[in-house]
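Working notes for the structure below.
The values are calculated or read from the model by the stated rules, or taken from the named source; none is laboratory data. It should be emphasised that the depicted structure is a prediction, and the values quoted were computed from it without experimental measurement. All Cβ positions, glycine included, derive from the backbone under ideal geometry; neighbour counts span all protein chains shown.
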Amino acid sequence: MNSSSKAKVFVHSDRQWEEICVGYVQIVHTDGASFIRGILEKQLKQCNNIVTYSHLNTNKEDWCINLKVNPEIIYEQQGDNIISWEEIDLKLEIAISFIDCRYSSEFWNQLQNSRRHFRYDDPESTYPIIPSQQNLEAVQLWISDNPDLIIQKLTTDPQNTFLEALAKIFQDSEAQQHIHTLEQLHYVIRNLIYLKNENVLKRLLSDKFYMTFFGIMEYHSENRGPQRVSYRSFLSSELKFHQITELNPEVMEKIHFNYRLSYLKESVMAYYLYLEDPIYNQFNFYINQNNQQILESLLLNHRGQFEDFLINFVENLELNCKFINEFFLSFKQFLQIQSLNDAFVSCIAKADLLRVLFSKTLEIQQQQLCFTTLQLTIMIANSNSQYFQEFLKQNQQLFWQSMETLLFNNMTTLNSMIIDIIQYICQNQAILGQGIDWLMRCFNKRLNASAVASLQEIVQLICQQQKTFTQELVILSNHILNILDQQLKLAIKDKFMIMPTLKHFKYLCTSNCSQIVKPYCESFIKITTSQKLFGVLEGQIRDIIKYIKQNTTLSQYIVIQVRILNLQDHPLYAKLVQQYSYVHIEDGQKTRMQMEDLKYYEKDDSEEQTPQQQTVQVMREEIRLDFNKIVRKKNDNDEDEDEMKVREPKPKGIIFGDNCFKRIKTDDDDEN
């Protein structure tokens, strides 16, 4: 209850004024009409006639007055705090004396506005309700109940009366630290946002009101205390707008509107705006629509200016790189339109921007520059392959030297982009040879963990694309696997170098060229049985052994190596060794040892049983044991070691900890 709305209600009878009650009186808009309504605090005399429309009292409040505002009645203001009138139907003279003169003036303004006749098609018609500190709840309800009317008034009012009133309330309330009023303003603004009208949003985010708008949005109920986020501080202090060329005012307005709307969507409303929210899709629609119009204006109407900007790109390299990155982020999807794509590539070609950027990356390995260079390269390669191939033909040495520099520069954020570019090149048979030669040169350099991870993924992608292992791919695979031998010789092994090598080892085990891994099996076994590395790479190692079991020839080879190294009892290989054992095979007068898969000795109905299999089966049948009667006695206090050996590892996925939804990396991911 607003204490400033406290007033005394008088009724004129017997030629004198009698005080009827004391209550809290305000203008209320409900049921399509406006009412003078008071909530009773103290009843002095009974006068039931001044409480009308009792059926509207759904909240069962104690009303002391409830009279409909009538445009035909003449209301009078007397002094600073008294308002009086005559109810024609009731034949009563009524007066209200407010304690707060300021609220009395506000009440009078609301009363006058409520008496007027309003039309949707009349731009001169004023608002049914003007916001004030006392009526913000009523304003919220009015916006919800009359969306078409508020849209009409907000978008056609040249004076911005409604928004000016909100701005004045915000300034006063923030100065007085009236938190309740500020939070009410927040919900008024949210109601305006959820009108989902672009013109209303343009008014709210205009140069005149956007700082007030974001200031009000700071005062939501979950953004309290000293940690309260200041959106205005970011917009005024940290954010800077750099204009690269002259554009017409309409386009500039769209640029500012898009940024402010994106900031509203991604930051300000992120705490309660979910992806399926219709307003979220509505925001994206407005942003995309404006972005296309901005890009068309830049590339078609201001093409010469954009070309001049690209030609002078290196003059302010850091700032212009940021612009290009923002450019791709906002306009990438529209460059699929043929006319816009042709115009953009033409501007890039005229400025020879790709060559300029790759030359600069050889001079300075600044992350922003490198990111921009790769981003532009990917975009050109995907949108205009003919221009990209021509660029490679003319700048082959520059391009590959730059790519090598970026690969070994240890900027892990660039790895995925380097992989995308090389993958694209290797998809094209015309330039595949260049990519293979570059990979060969890279493996002859001193490798770091970041480079190894990227090279392994590139080689695997090429193998999958080619479907057959050429001599070059075999050589590249050997380069990767040779890292196992190198790491084995080191006292302190690098798990980040070993991880991509194991990943390629696993891939080859599942391919039709699994024999490539045989020369490296000894190193693989020794490294995987190392106590220091087993825990870190456990998932990757177990996956490899699982795939090895599916390959009989490779399994037999691994078992031989394990026995030679006397590691047959190691938990990793014990089951594999048990699966394969040596049996006596009689071949004429000779007796020899042959490795046999004992797990799958049952007869296949679709094939005849070979004499060798019959011999093995006869030997087994000589052992007459009733396994149903064999019972193992176990002490309850002892651990079941057999179960511990075969127990599955803990499931991987999503866990909760200090950082909610912290992802446990899968076995294929690189270790950090």
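Summary table
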| item | result |
| --- | --- |
| Segment 462-511, residues that are over 27 Å from T552 (Cβ atoms), basic (K, R) and under 37 Å from the mean Cα position of the chain (by Cα) | K493, K495 |
| Residue in segment 486-502 that is nearest to I422 (Cα to Cα), counting only those that are out of contact with any Asp or Glu (no Cβ under 9 Å at 6 or more places or on another chain) and charged (D, E, K, R) | D494 |
| Residue, nearest to I36 (Cα to Cα), within segment 82-103, restricted to residues that are in contact (Cβ under 8 Å) with a residue 60 or more places away in the chain and under 53 Å from the mean Cα position of the chain (by Cα) | Y103 |
| Within segment 45-55, tally of residues that are assigned to a loop (DSSP other than H, G, I, E, B) and under 19 Å from S97 (Cβ atoms) | 2 |
| Members of segment 497-527 that are of a type outside the set (A, V, I, L, M), within 17 Å of I458 (Cα to Cα) and in a helix (DSSP H, G or I) | P500, T501, K503, H504, F505, K506, Y507 |
| Conditions (1) without any contact (Cβ under 8 Å) to a residue 24 or more places away in the chain; (2) of a type in the set (A, V, I, L, M, F, W, C); (3) not in a helix (DSSP H, G or I); number of the one not met by I129 | (1) |
| L447 vs. criteria crowded, with 16+ Cβ neighbours inside 10 Å and part of a loop (DSSP other than H, G, I, E, B) | yes |
| Matching entry among D89, D80 (being modelled with pLDDT of 85 or more and assigned to a loop (DSSP other than H, G, I, E, B)) | D80 |
| T470 being among the β-branched types (V, I, T) and touching a residue at least 24 places away in the same chain (Cβ under 8 Å) | no |
| Any chance I483 is among the aliphatic types (A, V, I, L, M), without any contact (Cβ under 8 Å) to a residue 40 or more places away in the chain and out of contact with any helix residue (DSSP H, G or I) (no Cβ under 7 Å at 6 or more places or on another chain) | no |
| Segment 358-371, residues that are crowded, with 20+ Cβ neighbours inside 10 Å and polar (S, T, N, Q) | T361 |
| Hits in segment 389-427 (condition: over 14 Å from F358 (Cα atoms), buried (at least 21 other Cβ atoms within 10 Å of the Cβ) and of a type in the set (S, T, Y)) | none |
| Residues of segment 454-488 classified as among the β-branched types (V, I, T) and outside any helix (DSSP H, G or I), total | 2 |
| Qualifying residue in segment 372-386 (condition: modelled with pLDDT under 90, closer than 22 Å to H256 by Cα and either more than 28 Å from the chain's Cα centre (by Cα) or buried (at least 19 other Cβ atoms within 10 Å of the Cβ) (or both)) | no |
| Restricting segment 27-38 to residues that are free of Cβ contacts under 8 Å to residues at least 60 places away in the same chain and crowded, with 17+ Cβ neighbours inside 10 Å, the residue that is nearest to V9 (Cα to Cα) | G38 |
| Residue match in segment 13-26 (condition: under 19 Å from L141 (Cα atoms), buried (at least 17 other Cβ atoms within 10 Å of the Cβ), at pLDDT below 90 and in contact with a strand residue (DSSP E or B) (Cβ under 7 Å, 6 or more places away or on another chain)) | yes |
| Unique residue being touching a residue at least 12 places away in the same chain (Cβ under 8 Å) and either touching a helix residue (DSSP H, G or I) at 6+ places or on another chain (Cβ under 6 Å) or not basic (K, R) (or both) when the list is F285, F306, F327 | F306 |
| Top-ranked residue of segment 349-371 - restricted to ones that are β-branched (V, I, T) and in contact (Cβ under 8 Å) with a residue 40 or more places away in the chain, ranked as nearest to I418 (Cα to Cα) | T361 |
| Yes/no for I255 being farther than 30 Å from L353 by Cβ and in contact (Cβ under 8 Å) with a residue 12 or more places away in the chain | no |
| Condition broken by K42, with the remaining ones in (1) in contact (Cβ under 8 Å) with a residue 24 or more places away in the chain; (2) not in a loop (DSSP other than H, G, I, E, B) satisfied | (1) |
| Tabulated pairs, segment 5-17, first touching a residue at least 60 places away in the same chain (Cβ under 8 Å), second part of a strand (DSSP E or B) and exposed (fewer than 14 other Cβ atoms within 10 Å of the Cβ), C-beta under 8 angstrom, 6+ apart or interchain | F10/E18; V11/E18; H12/E18 |
| Qualifying positions in segment 56-74 - under 52 Å from the mean Cα position of the chain (by Cα), closer than 21 Å to K6 by Cβ and in a strand (DSSP E or B) | W63, N66 |
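Each row is one residue, and each column tells you yes or no for (1) modelled with pLDDT of 85 or more; (2) in the same structural domain as T181 (by TED's automatic domain parsing); (3) among the polar types (S, T, N, Q).
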{"site": "H220", "(1), (2), (3)": "no, yes, no"}
{"site": "G225", "(1), (2), (3)": "no, yes, no"}
{"site": "V229", "(1), (2), (3)": "no, yes, no"}
{"site": "F234", "(1), (2), (3)": "yes, yes, no"}
{"site": "K254", "(1), (2), (3)": "yes, no, no"}
{"site": "R260", "(1), (2), (3)": "yes, no, no"}
{"site": "A270", "(1), (2), (3)": "no, no, no"}
{"site": "L273", "(1), (2), (3)": "no, no, no"}
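Residue-wise test of (1) buried (at least 17 other Cβ atoms within 10 Å of the Cβ); (2) basic (K, R).
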{"site": "T161", "(1), (2)": "no, no"}
{"site": "K168", "(1), (2)": "no, yes"}
{"site": "Q171", "(1), (2)": "no, no"}
{"site": "I193", "(1), (2)": "yes, no"}
{"site": "N199", "(1), (2)": "no, no"}
{"site": "L205", "(1), (2)": "yes, no"}
{"site": "G215", "(1), (2)": "yes, no"}
{"site": "Y219", "(1), (2)": "yes, no"}
{"site": "K240", "(1), (2)": "no, yes"}
